[in-house]
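Shown next, in structure tokens, is the structure this report addresses.
Nothing in this text is a laboratory measurement; each read-out follows from the coordinates by a stated rule. Predicted model, so just to flag it, every value in this text is computed and none were measured. Neighbour counts run over all protein chains shown; Cβ positions are idealised from the backbone, glycine included.
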Amino acid sequence: MSTPVSNFAFISSDTSDAQAALQSLSARYGQRPAEEADIVVALGGDGFLLQTLRDTMGTGKKVYGMNRGTIGFLMNEYRVGGLPERIASAVAETIRPLEMQAVTSEDETITALAINEVALWRQSYQTAKIQITVDAQVRMEELSCDGVMIATPAGSTAYNLSAHGPILPLDAPLLALTPVSPFRPRRWRGALLSNKATVRFDILEPEKRPVNAAADHTEVKAVTSVTVRESPTATATLLFDPNHSWNERILAEQFRY
């Protein structure tokens, strides 16, 4: 077993449960500034954990989440005792985000990272019309839909799953390309792509059928094109208790009925 770590930075969401957990844990184990800590312990829900991963991206910090939110799919169980031992035996998973480059109707280029997904969706009552290109080859001339997304394995159980996209194991070298309410072609259910693929979405009739895009919570309005690829450099590290690993959660989710 690894030597227990005792150098923590505890951070929390704004909920009363998370704030109370912050006070309890920091009183018991001490508190360090995040830049000086070995481990960042995030207290809240999945959304707060994703924000913490974005904030620590590329720093080499490891993030251990404990659930003080609602669902907590990405979180470990909250317990005050034995935290150094739990973290010492935790399983580390590397998260590789997507990189979005969006061009707006005003010819502005905006870049952002997404741990879960890059999603496009219609901005008006009319369906969006989107052309999809994969690795410089047009694969779909026109998708008429409410929206479409590229999801990472980490994000495959979130918005992607709600849109009937596939669940991906965290170590799968894949991305899920999933439509939202496709109208034409009606029966198209998406595709599995290599995580090395570069995907470009071109908005057809952007003035008549405006489309917004978002990399997780970074939203860009009135886009004309969006290019997505896995970031070649940015990574984040998430820690899971060994008896409740990410792969175990993925398997359990697929056998829910």
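General remarks:
- Calculated diffusion of the range 158-257, Stokes-Einstein form, Kirkwood radius summed over Cα pairs, 4 °C and 1.567 mPa s, µm²/s: 80
- Farthest toward the positive end of the dipole of the chain, out of Gln254, Tyr29, Ser156, is the Cα of Gln254, where the dipole comes from beta carbon charges about the Cα centre.
- Packing-based exposure ordering (other Cβ within 10 Å, fewest first) of Ile87, Ile132, Ile150: Ile132, Ile87, Ile150
- Anisotropy class of the range 33-84 from Cα gyration tensor, a/c 1.5 cut: oblate
- In the chain, lysine pairs closer than 30 Å at Cα, eight or more apart or cross-chain: 7
- For the range 124-140, 3J(HN,Hα) per residue [Karplus equation, 6.51 cos²θ - 1.76 cosθ + 1.60, θ = phi - 60°, Hz, x = Gly/Pro]: 10, 6, 8, 5, 6, 10, 10, 9, 10, 10, 10, 6, 6, 10, 5, 9, 9
- Ordered by the count of other Cβ atoms within 10 Å of each Cβ, fewest first, Arg187, Arg209 give Arg187, Arg209.
- Degrees, to the nearest 10: 46-56 long Cα axis against longest axis of the chain: 90
- For the chain, the longest principal axis of the Cα atoms and the long axis of helix 16-29 meet at an angle of about 40 degrees.
- From least to most packed, judged by other beta carbons within 10 angstrom and beginning with the fewest, Asp55, Asp202 follow the order Asp55, Asp202.
- With a Förster radius of 25 Å applied to the beta-carbon distance between His164 and Asn247, the computed FRET efficiency rounds to 0.70.
- Span per principal axis, largest first, for the Cα atoms of the chain (Å): 59, 40, 33
- Charged neighbours of Lys61, selected by a Cβ distance under 10 Å, balance to -2 (K, R count +1; D, E count -1).
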